[in-house]
Amino acid sequence: YEIVFTSVKDDIFGNPLDTNGDGSSTTPARGNWNRILFDATSDDGACVLDYCIIKYGDEVVDCESSGPLVDHCTISDNNYGVRVAGNGNPRIWNTALNNAYYTPIIMSMASDPDFQNLTFNGNNYNGLGILEGTLAGVGHLKRRDVAGITGIAYVSLSSVTIATNGDLTIDPGV
């Protein structure tokens with residue numbers, strides 16, 4: 001069985017199907033809810049999203065310096081699918097990230113997520129979004145093969161500044 005996280009306006013899932021009781025007068029949309037947050041105090045070994053459907057949120061799986069496992073999920077119709085901040089190292093495996101308004105994944109240059117067997121479909125940008133405004137520590141943009149895209153692009157949707165004490169390594173082929 002799948003576990004579903006979605007908008008209260010989504011009449012496709014739930015019991016009753018019309019959770020907010022308004023008939024068809026409202027429809028779900030990106031950003032209807034915020035996120036599932038895994039933070040630095042989370043017990044990474046116990047933090048697992050497995051066989052989930054996650055829809056109509058903002059940055060719906062938010063890994064703040066944490067390393068949860070996201071496996072066999074469908075994450076769709078959100079602003080971003082997965083957000084990896086700080087030195088987060090989540091494992092995102094066997095997951096479809098679809099119809100993101102921006103990028104399916106946005107990540108800090110200091111993070112090191114593990115991506116295995118992902119698919120991207122219908123996203124505005126099929127790349128890895130860069131989260132930083134200012135990098136003050138150590139960052140590394142690795143050459144990555146993600147979702148069948150060899151040497152996937154990193155996409156900056158805002159300004160990126162490397163501070164005086166910042167150190168950014170960019171691998172060849174990025």
Point to revise | HN-Hα J in Hz across segment 105-120 - Karplus 6.51, -1.76, 1.60, θ = phi - 60°, x for Gly and Pro | key: 9, 10, 9, 6, 5, 8, 8, 9, x, 10, 9, 9, 6, 9, 10, 10
Point to revise | Descending semi-axes in whole angstrom, ellipsoid equivalent of segment 1-153, from the Cα gyration tensor | key: 27, 16, 15
Check your understanding: Of the heavy-atom accessible surface of the chain (probe 1.4 angstrom), what whole percent is carbon and sulfur?
Key -> 48
Practice item. Would you mind calculating the gained length between Val155 and Asp112 on full extension (0.36 nm times residue separation, minus the Cα-Cα distance), in nm to one decimal? Key: 13.9 nm
Exercise for review: For segment 76-164, report the convex hull volume of the alpha-carbon atoms normalised per residue, in Å³, without decimals.
Suggested key: 78
Check your understanding: For the chain, what relative contact order do you get, as a whole percent, if you take Cα pairs closer than 8 Å and at least 6 residues apart?
Key -> 14
Review point. Looking at segment 42-128, which chymotrypsin sites (Phe, Trp or Tyr not before Pro) are DSSP coil and have at most 16 other C-beta atoms within 10 Å of their C-beta?
Key: Tyr51, Tyr101, Tyr125
Check your understanding: When all C-alpha to C-alpha distances in segment 66-116 are sorted into bins of 5 Å, what percent of pairs does each bin hold, rounded to whole numbers?
Key -> 6, 23, 29, 25, 16, 1
Check your understanding: In whole Å, how far is the Cα centre of segment 7-67 from that of segment 145-174?
Key -> 28
Review point. Most mobile of Cys73, Cys47, Cys63 per a Gaussian network model of the chain (Cα springs, under 10 Å)?
Key: Cys47
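The values are calculated or read from the model by the stated rules, or taken from the named source; none is laboratory data. Keep in mind the model is a prediction, meaning the values are calculated, not measured. Here the Cβ is made from the backbone with ideal geometry for all residues, glycine too, and neighbour counts use every protein chain on show. Note: areas computed on protein heavy atoms with side chains; ligands, DNA, RNA excluded. Shrake-Rupley method; radii C 1.70, N 1.55, O 1.52, S 1.80 Å.
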